[in-house]
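The values are calculated or read from the model by the stated rules, or taken from the named source; none is laboratory data. These figures come from a predicted structure and were not determined experimentally. Virtual Cβ from ideal backbone geometry, glycine too; neighbours counted across all protein chains shown.
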Amino acid sequence: MARVALVTGGTRGIGEAICVGLKAAGFTVAANYVGSDDRAKAFTERTGIKAWKWNVADHQATLDNVAAIEAELGPVDVVVNNAGITRDGTLLKMTFEAWKEVIDVNLGGCFNLAKATFPGMRQRGWGRIVNIGSINGQAGQYGQVNYAAAKSGIHGFTKALAQEGAKFGVTVNAIAPGYIDTDMVAAVPPDVLEKIVAKIPVGRLGNAGEIARAVVFLCSEDAGFITGSTMSVNGGQHMY
């Protein structure tokens, strides 16, 4: 029986590529989303992957929807915490609401999904959690104190939870994408984007499939000795 994988923020961009990649690798995939119902419906028609709607920042909604997914598909053995938002602005202009919303979704969502799935993975003796961080959580970024803090927190969360899961066959890793050719990056003004690409040694933006292939590897049996790691997929833009 195929293992069940749950991808948050899974109906568009990097999330959709991850869903498609995991399905091709033999997983039964469930996607989470919080935005457009029409877009989610189109995603399901396009991929054959069912989508469940809830905000990952909502703790009880996460517990309830994961229970519903498991009742329909079986135990969730793989979680990819991809859901994320931006509410950019300098600290002087940033509201508390913009700070809190980004922290609650991007970092709090990882906690909520782990609370819903980690105990079962540990009990069954196998699991994979992959958290999507960011180059801006590693290097920082002007006007993104909320986003950078949340993504940096994800990297610390990953290392700590990995220590709890290691002896139970549950690996916890992170991927830190650089600038990827998604709708979010497409919204960047062309002159700014040109300057960003100029700083990427490989000379281009990444694509969602490159992130998806890294996720699929970390979710595989072959990656069982890798845990607590952050894989940077950024074209050499930030090395440490």
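Here are the numbers:
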{"quantity": "In region 6-57, the residues that are of a type in the set (D, E, K, R), touching a helix residue (DSSP H, G or I) at 6+ places or on another chain (Cβ under 8 Å) and part of a helix (DSSP H, G or I)", "calculated": "Glu16, Lys23"}
{"quantity": "Candidate set: region 124-136, residues that are surrounded by fewer than 24 Cβ atoms within 10 Å (Cβ to Cβ) and touching a Phe, Trp or Tyr at 6+ places or on another chain (Cβ under 8 Å); chosen: the one farthest from Met231 (Cα to Cα)", "calculated": "Gly125"}
{"quantity": "Pairs where the first residue, in region 45-59, is closer than 11 Å to Ala31 by Cβ and the second is part of a loop (DSSP other than H, G, I, E, B), C-beta under 8 Å, 6+ apart", "calculated": "Ile49/Gly10; Ala51/Gly10; Ala51/Thr11; Lys53/Val34"}
{"quantity": "In region 60-80, residue surrounded by the fewest Cβ atoms within 10 Å (Cβ to Cβ) [restricted to those that are in contact (Cβ under 8 Å) with a residue 24 or more places away in the chain and in a helix (DSSP H, G or I)]", "calculated": "Ala67"}
{"quantity": "Close pairs (6 angstrom Cβ cut-off, 6 or more residues apart or separate chains): under 11 Å from Val56 (Cα atoms) in region 90-115, part of a helix (DSSP H, G or I) and not hydrophobic (A, V, I, L, M, F, W, C) anywhere", "calculated": "Leu107/Gly153; Asn112/His59; Asn112/Thr62"}
{"quantity": "Residue that is surrounded by the fewest Cβ atoms within 10 Å (Cβ to Cβ) [pool: residues in region 177-214 that are assigned to a loop (DSSP other than H, G, I, E, B) and of a type in the set (A, V, I, L, M)]", "calculated": "Ala187"}
{"quantity": "Where Leu63 falls short, out of the listed (1) within 16 Å of Ala116 (Cα to Cα); (2) within 14 Å of the chain's Cα centre (by Cα)", "calculated": "(2)"}
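Per-residue answers, yes or no, for (1) outside any helix (DSSP H, G or I); (2) under 16 Å from the mean Cα position of the chain (by Cα); (3) buried (at least 23 other Cβ atoms within 10 Å of the Cβ); (4) at pLDDT 95 or above:
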| site | (1), (2), (3), (4) |
| --- | --- |
| Arg122 | no, no, no, yes |
| Gln138 | no, yes, no, no |
| Lys151 | no, yes, yes, no |
| His155 | no, yes, no, no |
| Thr158 | no, yes, yes, yes |
| Lys167 | no, no, no, yes |
| Val172 | yes, yes, yes, yes |
| Ile175 | yes, yes, yes, yes |
